[in-house]
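The structure appears below as structure tokens.
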Amino acid sequence: MEGKVHIALVSEPPFITDITFEKIANEHIILIAPTTHPWAERDVIDLNEICEADFILPEESNDLYSLIHDRLADAGVSILQLRTLVSLGSLEAIAMSVQEGLGVGFVPEIMVHRLVKGRVKPIEIAGFDISQGVFIGRNLHRPTTAAQEAFWDMVLMSNEVIGSANQST
């Protein structure tokens, strides 16, 4: 609103009348475990088994914490039932801590592919899925540069191309 940020990427767009948001992606959140964890040898675990592991969770102020809390609650599990070893402020720190064998944690799938691929094991939970939208936003009443307009248009056009390709497969 103050003009300090011209274009923002957010997972949950706030309702602000002067800001427009467009959904550009859907981000899949996955449970990861160290490759030495007993779950790493299995294809899938049951939801009730998650209470048996030491968790590295995001801090409560993190949007991902709220998302995990809500999805677990929808499935009948309280996040308080998890054995929380530590809460960290950075999702990268969670992924790296899991890689080091400290516990299991939920992180965006793209982070696994870009940061710890092959050094952690994605764990599928039967009948349980977490995903969130990714939105791009900007203030419609602030002047933009040609570069900002081009970037905005490119992101939206790329999203349309990806969306139509996904619908045809």
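The values are calculated or read from the model by the stated rules, or taken from the named source; none is laboratory data. Just so you know, these numbers come straight off a predicted model, no measurement behind them. Positions of Cβ are generated from backbone atoms using ideal geometry, with glycine treated the same way; all protein chains shown enter the neighbour counts. These accessible areas exclude ligands, DNA and RNA; they are computed on the full protein's heavy atoms, side chains included. Shrake-Rupley method; radii C 1.70, N 1.55, O 1.52, S 1.80 Å.
Structure notes:
- Strands (runs of 3 or more DSSP E) (entirely within the stretch 1-92) containing at least 1 residues that are of a type in the set (Asp, Glu): 19-34, 54-58
- Output for the stretch 97-120, where each listed residue is modelled with pLDDT of 95 or more, under 26 Å from Asp70 (Cβ atoms) and not in a strand (DSSP E or B): Ser97, Val98, Leu102, Gly103
- Within the stretch 23-57, the set of residues being open to solvent by less than 30 Å² (accessible area, probe 1.4 Å), under 15 Å from the mean Cα position of the chain (by Cα) and not β-branched (Val, Ile, Thr) comprises Leu31, Leu57.
- Count - residues of the stretch 58-74 that are touching a helix residue (DSSP H, G or I) at 6+ places or on another chain (Cβ under 6 Å) and either open to solvent by less than 70 Å² (accessible area, probe 1.4 Å) or in contact (Cβ under 8 Å) with a residue 40 or more places away in the chain (or both): 2
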